[in-house]
Amino acid sequence: MEVGIVGLGLIGGSLALDLRALGYRVWGISRRVSTCRQALERGAIDAYFDWGVNLPQNTDLVVICTPIEQIIPSLAALVDYLPSTTIVTDVGSVKTPIVARGEKLWPNFIGSHPMAGNNNTGISSAVPGLFRGRPCAVVGKGDGISERVRDLWRSVGMEVYFCDAQDHDRAVAWISHLPVMISAALNLACGEESMAEVRALGQKLASSGFADTSRVGGGNPELGRMMAQMNRSALLHTLDHYQAVLTKIRQQIEREDWNNLEITLSLAQKLRGNYCPTPSS
Ligand code: NAP
């Protein structure tokens, strides 16, 4: 099987490493030649190409792994150079605008979203096994080409779920985009403590709990901005709801309504189990 990866950063480079280890032939395209050379040196790809050249005619699948706002421009730049049978997918964390435009540009386009990553970027942070045991959304109903895309993600160890693009965007607003904004707000608010000595003490005492809650708010700001831009209405919906819940918690504390606060926190503990089945996850 021959696979092309466009955008050889954390996600694209990690996918390339896994696919090559599985015996796929992998070619790459990226913005900078130095990145392509590094991917070749790391054994992530067999070959790389420039934009605007005919791509291998036996390419089965292309995965676009560029920053989210470059996904559609990248697809538009590829369509004249790909064999018509090639399936194209992407990894962007928002699906509705990408799938709507992607399907118009390329009939064999199917959106994906592998739920894997970390706070690093670029080819130097690519690692094998990044996707193993993680969930992946594929926009489709499990027929024809979406099954081929499912099989690709399964081959790198992902648990694949088929879904609708709008449902995907609303779900990830809750479990991914809202947490980024809440966690960023936490980091900002802590940094605004007015007493310098209290701020400094907090920085010394911060341990695993703060590391858990602040991590996603300390990630790539460009990625966070793009999530908000492209999933604006779903994110606003979740932020409004979150603010209402936070107000309720604040009122319970202000009124010293400890019984109800404990009931609220018990419900939160129970609900978390629906998202993270093991207490330590
Ligand atoms: P990244 O490490 O910054 O990688 C993106 C790569 O795309 C860069 O290495 C850059 O390559 C290349 N690139 C930038 N502009 C380009 C262009 N115009 N044409 C071709 N290549 C271009 O970012 P990432 O974390 O891998 O994210 C990539 C995609 O994965 C995003 O769409 C994001 O929504 C999605 N995603 C990310 C995560 C996560 O946690 N990081 C999780 C799931 C999905 P050069 O080095 O050549 O400049």
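The values are calculated or read from the model by the stated rules, or taken from the named source; none is laboratory data. Note that this is a predicted model, so its numbers are computed, not measured. Note that we place each Cβ from the backbone using ideal geometry, even for glycine, and neighbour counts take in every protein chain shown.
Below is a table of values for the structure above.
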{"item": "Scope segment 254-279; condition in a helix (DSSP H, G or I) and surrounded by 13 or more Cβ atoms within 10 Å (Cβ to Cβ); matching residues", "result": "ASN260, LEU261, THR264"}
{"item": "Criterion: away from the ligand (no atom under 15 Å from the Cβ), modelled with pLDDT of 95 or more and touching a helix residue (DSSP H, G or I) at 6+ places or on another chain (Cβ under 9 Å) - qualifying residue of ILE175, ILE110", "result": "ILE110"}
{"item": "Scope segment 5-33; condition among the aromatic types (Phe, Trp, Tyr) and either within 9 Å of the ligand (Cβ to nearest atom) or surrounded by fewer than 20 Cβ atoms within 10 Å (Cβ to Cβ) (or both); matching residues", "result": "TYR24"}
{"item": "Any hit, segment 158-166, residues being modelled with pLDDT of 95 or more, of a type in the set (Ser, Thr, Tyr) and in contact with a Cys (Cβ under 9 Å, 6 or more places away or on another chain)", "result": "yes"}
{"item": "Residue within segment 52-69 that is on the phi > 0 side of the Ramachandran plot, within 14 Å of the ligand (Cβ to nearest atom) and more than 18 Å from the chain's Cα centre (by Cα) present", "result": "yes"}
{"item": "Flag for GLY142 being farther than 22 Å from GLY28 by Cα, at pLDDT below 95 and not in a helix (DSSP H, G or I)", "result": "yes"}
{"item": "Cβ pairs under 7 Å, 6+ apart, first in segment 157-186 and on the phi < 0 side of the Ramachandran plot, second of a type in the set (Lys, Arg) and not in a helix (DSSP H, G or I)", "result": "MET158/ARG134; PHE162/LYS141; ALA165/LYS95; HIS168/LYS95; ASP169/LYS95; SER183/ARG215"}
